[in-house]
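Reading through the structure tokens given below for one structure.
Every read-out reported here was derived from the displayed coordinates using simple, explicitly stated rules and does not represent laboratory data. What you are looking at is a predicted structure, and each value in this text was computed from that prediction instead of being measured. Cβ coordinates were reconstructed from backbone atoms using ideal geometry, including for glycine residues, and neighbour counts include every protein chain displayed.
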Amino acid sequence: MSNVFKYLQGDRLIWLVVFLLIGFSMLGIYSSTSTLAFRLQGGNTEYYVMKQFFYVAIGFGLMFVTHLVDYRYYSRIAQILWIASIPLLIYTMFFGTELNDANRWITIPLVGLTFQTSDLAKLALIMYLARQLSLKQDNISDFKEAFLPILLPTLLTAILIAPENLSTALIIVFTGVFVMFVGRVSLKHIALLAGSGILILSLFLTLLFVMPESALKGRTLTWKHRVESFSNPTGNADEEYQVLQSKIAIAKGGIVNLNAGGSDQKNFLPHPYSDFIYSIIIEEYGLLGGGVIVLLYLFFLYRCVRIVLKAPKAFGAFLAAGLGIALVIQAMINMAVVVNLVPVTGVTLPLVSMGGSSAIFTSIAFGIILSVSRNVELQSGEENLEMA
Amino acid sequence: MNKKQEIVVRVRIGFLAICLVGAAILARAFYIQSYQGNYYLSLADSLTISKIKLPAERGNIYANDGRLLATTLPIFDLGFDIKASLRNDKLFRAHVDSLALLFSNKFKDKSAAEYKKELWRLHRSKKSYVVLRKGIPYDLQNEMQHWPLLRNGQNKSGFVFDKHKKRLKPFGWLAERTIGYYKENSKEKVGVGLEKKFDTILTGIPGNTLAQKISGGLRIPLESPENVRPQPGKDVHTSIDIDFQDVAEDALNRALLHHGAEHGCVVLMECKTGKIRVIANLGLTKDSIYKEIKNYALAEAEAPGSTFKIATVAALLEDGYANNQTKVDLGNGTAIFYGLPVRDHDVPKTQIIDLKRAIEISSNVAIAELADKFYNTAQGKQKLFQHLESFGFTQPIDIEIEGAAKPILRNYKKWQATSVPFLAHGYEMQVTPLHILSFYNAIANNGIMVKPSLIEKITAYNQTVDSFTTVVLNKKLLSAKTIVELRQMLEGVVENGTATNLKTDYLRVAGKTGTAKIAQGKEGYKKAVYQASFCGYFPAENPLYSMIVVINSPSQNGYYGNKVAGTIFKEVADKVYSKSLQMQKPVQQLIAQKEVPIIKKGNSDEIKNIYAAWGKKIQTSDQEWTQVSRNQTVLQPTDFNVKESVMPEVVGMGLRDVLYLLENMGLKVNIVGQGMVKSQSIKAGEPIVKGTQVVIELS
């Protein structure tokens, strides 16, 4: 083990969390893709696990490379990446590849890989926010000098994602505001933002329900249906099909269970290997297994908080905090959907859900956090904590 | 508080908040498990496992040679789930154009643009589900399920194929009404014909199975001791001969069209067994075409007219009141009975004729006079009634299908003075065509009256479970003497009476024409509406089949029984004759009559065998090929030498031998026409090179 950690630097416990999550991911995917494998791959049940393993391997490679890079370089990279993400998002909106009826994907030329641009944009934005926050620390309470330069990139990215993926856009805004809160942005400004956000959202919802269905374009109708089905939780067959099936999976799991591959609900849930993998995990490993997943994410966030405490520079602290918060918030939202605390959104469970794009960008995020932690460990002996 | 501390405080607050969310998630999961657990668990089973009914395969209906008259096939309706389509708006937008084009190309009833407009209208409409197209056969569904949108399935595109079963009659309208139909819905059960009558036998017993629903709307059956396998319905084998039926139905349709008639029917019955081989019923529909809409043969009672005279004569003969030679006085062709006139069609050429001749020319006056003379007393009426009763004219025909009409023949106590002379020639009463046929069949069957029957047997898994053997209703309906005399009269009708148009030199038919003036609803007899009929049997000397043809209300091109109905009778009788070996003279007799023909030149052994079958021995050498010629009356075989690489004389050979011979020699044979070889492109005796083409003309 210690040999391994000669190469894997940074917080060993974070590495451990990564390995455990990937382990759960493989178990869940192997089980839940069986129906899909029989339908599309002629019964080759390893097909999807091997495919995911390939992505995880790439992700791991990227994680390894990114964690060896000095995190200070990420400040400049963040700026470039975020600026580059803007035209990419616009391109996706118009020329993206259609998957599950939304233009969320673009295909990388030559390689032929498809990836979700919002994954990239989100990563770039959080990194860029960390940069902006660290740069504006001195006059952070100034609306014009600090708040606007921090807020506007967030809104821009969100607005470009919103038409095709409203829930991700909302999550990005929420995550951004959360990071701003940690970054000492004035509470007054945040309250102002939250107030106007709620106002806009309620205005939008009103519009959605006042306008006739025939006038609704694109995905607006899907949004309406999702909100409708969540706001009418009558507790009977009226509930949306996948939520119902998810609850049945949770109910079947019980408190303690060990039934790897024995899920029944994977046959009924529409995407048991991605958005609803958490319900399959609960069904097969009980509430205890589900609890382990929650705790792994919280523990990971706790390690990120520790990095913040130790980080010598504000940028490193915000980078670790921002990316950690973003990943864990995404995880929490995914799990909240599964237990029907929030409406169905379609976000994945980081490192656990099947999917190449998500696996790769999540790995990069982890790599960057580990890079900060590696630097913190290197300097911890040498320097005292000093804020920029 | 310095910046660092503030950040630490805020990060901790954030971490705590997220921890609370995590706790909320687990609490919620725990709540679902513990407080709602039983509910969701019970829901799981009820949603996924259910008992489904397995309908039994409906039995088939067969013709007497085993061909299918009615069977069940899967058929599909294309439905459109609009809610699902809306959920996948992008998909619909992307493929609606190509789908509209495919629809248009396949169905050719609307342009692609119209289909597109229609699909868009439905996609935007408030409806939740519509059926786009009904009755898609299995083959087409197989093709269509690969079309865009259609291949995505109900959950994705909203397009869905709804499979159900359809009853199909492979022979279309042939005996359609008799085969019938049966429908059952929540409100009522309706049906006619064999499908209705034998429904309980055809239906079988449905079974059931436990099935689990899985994603994609599929159900997989589960093993369970409670499962009951369905028992398929039994098969009904009818007596109908589909080839005869085809000829009859076609002839009837042409005759109805030709005469602009209202409706008509043809029934062919096997004399000995009473098995009905043909039952064709066509009536004029609103669309001015004829269809099997009513079982006229069974369900329509009408005044039979002249065909009924045979029943009166049979009574007279049985009671000894008359015989073939009994003289009758036709007067001037009109006789008045108690104030009502009975007229003959023509003024008689001879005033006094015998009864046989009176039947041949179908004299109304003669029959009315004789009946009036012997039966118009209280006792006589009773006697005549009893005869008619025994002939079956007072009861509905007893047959396997429903709908037999009750004949109208008043009890003799209610008869008036005019009743007897009018009854005698087929008025003041109504019977169905099957009544008349049944009676004539008894005459053809030497006085044995059998029950008409449409069914041969019922089978299950190809094993007979119920056979319908012939039921004799009356072993001796008429005396042998009466039969002989009646047959002479009926033969006379065709020999030199009203139906000479049915006379042929190969098949002797016996029967009686009928041209009845029939009442037309409220208008009574005011309007001249006729019913032309012909009932008889064949071959006259040894009857195998009896048949009746009835044409109702012919409006053009004549209305007489012999022309209108007789023509159909002859056409069907000819077809039956051509297919029935029993009726035809043995080959030996033909050989005795005719010269042995010359056979095409060909293989020696084959030619020898053929002549041997004709009783001629011919001597051939051991050459492979022989040619036979006739020298006066003697058959002269000559060898026909075939040398390698030399073109033989093949004119006069059959194609099979030519191909064998020439292709073995390495020639490429090109054939034109059919029949015997007429000419060859390479002259006989010329040397040939392998691979050369030779043109063989046949004629």
Is region B:61-233 best put as rounded, prolate or oblate by its Cα gyration tensor, with a ≥ b ≥ c the root eigenvalues, rounded for a/c under 1.5, and otherwise prolate when a/b is larger than b/c, oblate when not?
-> oblate
Arrange the peptides A:167-177, B:597-607 so that the one whose residues have, on average, the most other Cβ atoms within 10 Å appears first.
-> A:167-177, B:597-607
Would you list, by chain and number, the aspartates and glutamates whose Cα falls below 18 Å from the Cα of B:Lys617, excluding same-chain residues fewer than 8 positions away?
-> B:Glu595, B:Asp605, B:Glu606, B:Asp639
Over region B:79-174, what is the relative contact order in whole percent, taking alpha-carbon pairs under 8 Å and six or more residues apart?
-> 45
How many angstrom lie between the C-alpha centres of region B:427-459 and region B:130-193?
-> 39
Set of aspartates and glutamates with alpha-carbon distance to B:Lys117 below 16 Å, sequence-local pairs under 8 removed | B:Asp89, B:Asp97, B:Asp109
Enumerate the calculated ³J(HN,Hα) couplings along region A:181-186 in order (Karplus 6.51 cos²θ - 1.76 cosθ + 1.60, θ = phi - 60°), each rounded to whole Hz, writing x wherever the residue is Gly or Pro.
-> 4, 4, x, 6, 5, 4
Mind checking the dipole of chain B: about its Cα centre, +1 per Lys or Arg Cβ, -1 per Asp or Glu Cβ, Debye to the nearest 20?
-> 3220
State log₁₀ I(q)/I(0) for region B:264-353 at q = 0.18, 0.23, 0.26 Å⁻¹ as given by the Debye formula over alpha-carbon point scatterers of equal weight, solvent excluded.
-> -0.99, -1.19, -1.35
Rounded if a/c is under 1.5, else prolate if a/b beats b/c, else oblate: with a ≥ b ≥ c from the C-alpha gyration tensor eigenvalues square-rooted, which is region B:3-49?
-> prolate
If unit charges are put on Cβ atoms (+1 for Lys and Arg, -1 for Asp and Glu) and the dipole of chain B is taken about its Cα centre, the option from B:Val471, B:Leu659, B:Trp120 lying farthest towards the positive end turns out to be B:Trp120
Calculated diffusion of the protein assembly as shown, Stokes-Einstein form, Kirkwood radius summed over Cα pairs, 4 °C and 1.567 mPa s, µm²/s | 33
With a 10 Å radius around each residue's Cβ, average the other Cβ atoms per peptide and rank B:320-327, A:343-350, B:99-106, highest first.
-> A:343-350, B:99-106, B:320-327
Considering the dipole of chain B built from charges on the beta carbon (Lys and Arg +1, Asp and Glu -1) around the Cα centre, which of B:Thr209, B:Phe92, B:Val365 is farthest to its positive end?
-> B:Phe92
With a 10 Å Cβ neighbour count serving as the proxy for reagent exposure, in which order, fewest first, do B:Ser533, A:Ser202 appear?
-> A:Ser202, B:Ser533
Arranged by the count of other C-beta atoms within 10 angstrom, fewest first, what order do B:Met144, B:Met653 take?
-> B:Met144, B:Met653
To the nearest whole percent, what portion of all C-alpha pairs in chain B is separated by more than 36 angstrom?
-> 63
When B:Asp109, A:Asp11 are ranked with the fewest other C-beta atoms within 10 Å first, the list becomes B:Asp109, A:Asp11
Segments B:373-385, B:220-232 sorted - mean Cβ within 10 Å per residue, highest first = B:373-385, B:220-232
Loop only per DSSP, at most 10 neighbouring Cβ atoms within 10 Å: give me the trypsin sites (Lys or Arg not before Pro) in region B:614-699, ordered by residue number.
-> B:Lys617, B:Lys643, B:Lys683, B:Lys690
What pairs in B:Lys294/B:Lys381; B:Lys169/B:Lys189; B:Lys234/B:Lys275 have C-alpha atoms more than 24 Å from each other?
-> B:Lys294/B:Lys381
In debye, nearest 20, what is the charge dipole magnitude of region B:448-489 about its Cα centre with +1 on Lys and Arg Cβ and -1 on Asp and Glu Cβ, if you could check?
-> 240
Can you list the aspartates and glutamates whose alpha carbon is less than 20 Å from that of B:Lys90, not counting same-chain residues fewer than 8 positions off?
-> A:Glu98, A:Asp101, A:Glu164, A:Glu213, B:Asp81, B:Glu118
Is there a simple number for the mean count of other chain Cβ atoms within 10 Å of the Cβ of residues in B:416-429, and what is it?
-> 0
Measuring from centroid to centroid over Cα atoms, what is the spacing of region A:32-92 and region B:286-341 in Å?
-> 97
For chain B, what is the mean residue ellipticity at 222 nm derived from helices alone (per DSSP H run of n ≥ 4: -39500 (n - 2.57); sum divided by total residues; nearest 500 deg cm²/dmol)?
-> -10500 deg cm²/dmol
Peptide A:249-259: average number of partner chain Cβ atoms within 10 Å per residue?
-> 4
The ³J(HN,Hα) series, computed from each phi in region B:499-509 with the Karplus coefficients 6.51, -1.76 and 1.60 at θ = phi - 60°, rounded to the nearest Hz and given as x for glycine or proline, is 10, 5, 5, 9, 6, 9, 8, 9, 9, 8, 10
Hey, which of these cross-link pairs are over 24 Å Cα-Cα: B:Lys116/B:Lys165; B:Lys165/B:Lys286; B:Lys476/B:Lys512?
-> B:Lys116/B:Lys165; B:Lys165/B:Lys286
Long-range amide H partners of B:Met676, meaning residues 5 or more apart or on another chain whose placed amide H is closer than 5 Å, are B:Ser699
Over region A:9-69: Rg over Rh, Cα atoms, Kirkwood Rh = 1.11
For region B:592-698, what is the charge dipole size about the Cα centre, in debye to the nearest 20, if Lys and Arg each add +1 at the Cβ and Asp and Glu each add -1 at the Cβ?
-> 300
Within the P(r) computed for chain A, what percentage of the Cα pairs occupies the region above 27 Å?
-> 51
antiparallel share of DSSP beta bridges within region B:592-698, to nearest 5, in %, is 70
